[in-house]
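Engineer: This is the structure I have questions about; it appears just below.
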Amino acid sequence: MFYEKERIDLFMESQIRDIKLAPLGKAKLDWVKNHMPVLNTIRQRFIKDKPFLGKRVVVCLHLEAKTGYLAQAIQDGGAEVAVAASNPLSTQDDVVAALVSEGITAFAWHGATDEEYFAHLDALAAFNPNLIIDDGGDFVALLHKKYPEKLAKVVGGCEETTTGVIRLRSLEREGVLKIPMVAVNDALSKYLFDNRYGTGQSVWDGIMRTTNLVVAGKTVVVIGYGWCGKGVALRAKGLGANVIVCEINPIKATEALMDGFRVMPLIEAASLGDFFITVTGNKNVIRKEHLEAIKDKAVLANAGHFDVEISKPDLREMAVSVKRVKPNIEEYVFSDGRKVFLLAEGRLVNLAAGDGHPAEIMDMTFALQALSLEFLAKNDKLEPKVYNVSQEIDEEVAKLKLASLGIKIDCLTEEQKAYLAAWNI
Ligand code: ADE
């Protein structure tokens, strides 16, 4: 599992599954490169400008092909790059091997135990980063808790996901955030596309390829109607399901209703659903009281960052038997004979049982990451706060996306600009 890079500047060994998997990973990287034109454009500029020269950049994301390409684009920008996983089940060992074969340091393998997962994050900290890309906040939290002395050398970082941004804002509120962090998740050109259409498609891809079951005519219960939940519900409707939304926020619940979905508490939906998908970012969302009422042969999947949304302790406590019936499907049998099927151990179903969001979607997200990282490299004296992506970068990514698709849009005339700027019209 340990592979020593043949490089003179070697100072850390990669910890990966098997370097011989590299050709397979390289083919995956080549595939996504064909479908990430915005990141291609940025990478070409990075090759010329070298914005990360002399910087150590660590990437703690889901290690699949699109992430691999982002890491390579940053390396092309002059950085020494190390990667580790933000989830032990989303790592694709072949992609990681391909990255290592091209000079990136990696600490990750698929199916890492909790202990191994955190040991990989320790190794990432030992890489002494100047810049960070994190997904979910585990790495930034680890630096603050265990390695505070390393924060002095960190210029800043970018956060990928809703859960991570919530944790960063909590660090900031408590006055203990020590580095500037860009909330990439909160950019419009991120969440309107990645959270909604990315999650919408990839969650169903993960569920369908794992279960091989029909969705049309079934009842799908989507729990949480944020941008990710909206996408999951929308695509369920498109697949022909009857969709129920469960939400704790009255405004979002009203939105779900007007989007055409039935809205009710989970305890009422429990006996109706064939598929249950948690997308809340909270814990113990599906718990004992719901499992007691749940329909026989219900499929349970989670699309939130952590594997705490479906209570596995409650499932284990209630089950008289548990067995793996298919890759990524565990069957829990209750004492009254009812069964439920848990996908991907309750981890992110789109990544643990799939390849994550489509390449064209991650093209925008990772373009935002690349440009936000460049912003931090150029502005190395920022206060330790949570920053939003600038409107300029946000719109630049959407413009590059449209340009890559050959789509033109209208511009305001001078008269219209003046009209919008005036009060006395
Ligand atoms: N691929 C890499 N990171 C991802 C993420 N956060 N969500 C979905 N797909 C991804």
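Engineer: Using alpha carbon centroids, what distance separates region 231-270 and region 353-424, in Å?
Structural biologist: A separation of 30 Å, based on Cα centres.
Engineer: Moving on to the next point. Would you kindly calculate the translational diffusion coefficient of region 339-425, applying Stokes-Einstein with the Kirkwood radius from alpha carbon pairs, for 37 °C and a viscosity of 0.692 mPa s, and quote it in µm² s⁻¹ without decimals?
Structural biologist: In µm²/s, the coefficient is 189.
Engineer: How many Lys pairs in region 115-269 lie less than 24 angstrom apart by Cα atoms, where the lysines are 8 or more positions apart or on different chains?
Structural biologist: Lysine pairs meeting the criterion: 13.
Engineer: Rounding to the nearest 20 debye, state how big the charge dipole of region 181-284 is about its Cα centre with +1 on each Lys and Arg Cβ and -1 on each Asp and Glu Cβ.
Structural biologist: It comes to approximately 140 debye.
Engineer: Nearest 5 is fine: what % of DSSP beta bridges in region 1-140 come out antiparallel, could you say?
Structural biologist: Antiparallel bridges: around 10 percent, rounded to the nearest 5.
Engineer: Then there is this: So which trypsin sites (Lys or Arg not before Pro) in region 365-408 end up in coil per DSSP with only 16 or fewer other C-beta atoms within 10 Å? If you can, show how the numbers build up before the last one.
Structural biologist: Working: sites: Lys378, Lys381, Lys385, Lys399, Lys401, Lys408; in loops: Lys381, Lys385, Lys408.
Within region 365-408, the qualifying trypsin sites (Lys or Arg not before Pro) (loop, at most 16 other Cβ atoms within 10 Å) are Lys381, Lys385, Lys408.
Engineer: When the chain is treated as a GNM, springs tying every alpha-carbon pair under 10 Å, which of Asp114, Asp18, Asp355 comes out with the largest mean-square fluctuation?
Structural biologist: Greatest mean-square fluctuation among the candidates belongs to Asp114.
Engineer: Would the chain count as rounded, prolate or oblate if I go by the C-alpha gyration tensor, calling it rounded below 1.5 in a/c and otherwise prolate when a/b exceeds b/c, oblate otherwise?
Structural biologist: Numbers: a/c = 1.73, a/b = 1.22, b/c = 1.41.
Oblate.
Engineer: Across region 310-425, how many lysine pairs separated by 8 or more positions, or lying on different chains, have Cα atoms within less than 19 Å?
Structural biologist: On the way: Lys312/Lys323; Lys312/Lys326; Lys312/Lys339; Lys323/Lys339; Lys326/Lys339; Lys399/Lys408.
For region 310-425, the number of qualifying lysine pairs is 6.
Engineer: Given the chain, what percent of its DSSP beta bridges are antiparallel, to the nearest 5?
Structural biologist: In the chain, DSSP labels about 25 percent of beta bridges as antiparallel.
Engineer: Would you calculate, for the chain, the mean residue ellipticity at 222 nm contributed by helices, counting each DSSP H stretch of 4 or more residues as -39,500 (n - 2.57) and dividing by all residues, to the nearest 500?
Structural biologist: -12500 deg cm²/dmol
Engineer: Which whole-number percent gives the relative contact order of region 235-279, counting Cα pairs below 8 Å spaced six or more residues apart?
Structural biologist: On the way: 29 pairs, mean separation 14.2, N = 45.
Once divided by the residue count of region 235-279, the mean separation gives 31 percent.
Engineer: Stokes-Einstein D for region 104-182 at 10 °C, 1.306 mPa s, Kirkwood Rh over Cα pairs, in µm²/s? Intermediate values should be presented prior to the final figure.
Structural biologist: Values: Rh = 12.9 Å.
My calculation gives 123 µm²/s for D.
Engineer: Also, quick follow-up: Could you work out the per residue convex hull volume over the alpha carbons of region 245-308, in cubic angstrom? All intermediate terms of the calculation are to be shown ahead of the outcome.
Structural biologist: Values: hull volume 5.6 nm³, N = 64.
Convex hull volume per residue, Cα atoms: 87 Å³.
Engineer: Please give me the summed charge of the neighbours of Lys28: other residues whose Cβ is under 9 Å from its Cβ, Lys and Arg +1, Asp and Glu -1. Present the calculation step by step, with values, prior to reporting the outcome.
Structural biologist: Details: positive: Lys26; negative: Asp30, Glu64, Asp94, Asp355.
Summing Lys and Arg as +1 and Asp and Glu as -1 gives -3.
Engineer: Moving to a separate point now. Among rounded, prolate and oblate, which fits region 69-138 when a ≥ b ≥ c are the square roots of the eigenvalues of its C-alpha gyration tensor, a/c under 1.5 means rounded, and a/b larger than b/c means prolate? Don't skip to the answer; put the middle values down first.
Structural biologist: Working: a/c = 1.85, a/b = 1.31, b/c = 1.41.
Taking the square roots of the gyration eigenvalues as a ≥ b ≥ c, region 69-138 is oblate.
Engineer: Now for a different question. Scan region 293-382 for chymotrypsin sites (Phe, Trp or Tyr not before Pro) in coil per DSSP, keeping those whose Cβ has at most 16 other Cβ atoms within 10 Å, and list them by number.
Structural biologist: Working: sites: Phe306, Tyr332, Phe334, Phe341, Phe366, Phe375; in loops: Phe306.
Loop-located and lightly packed - Phe306.
Where a number appears in this text, it was derived from the coordinates with a stated rule and is not lab data. Since the model is a prediction, treat every value here as computed from it, not as a measurement. A quick note on method: Cβ atoms are made from the backbone with ideal geometry, for glycine too, and the neighbour counts reach across all protein chains shown.
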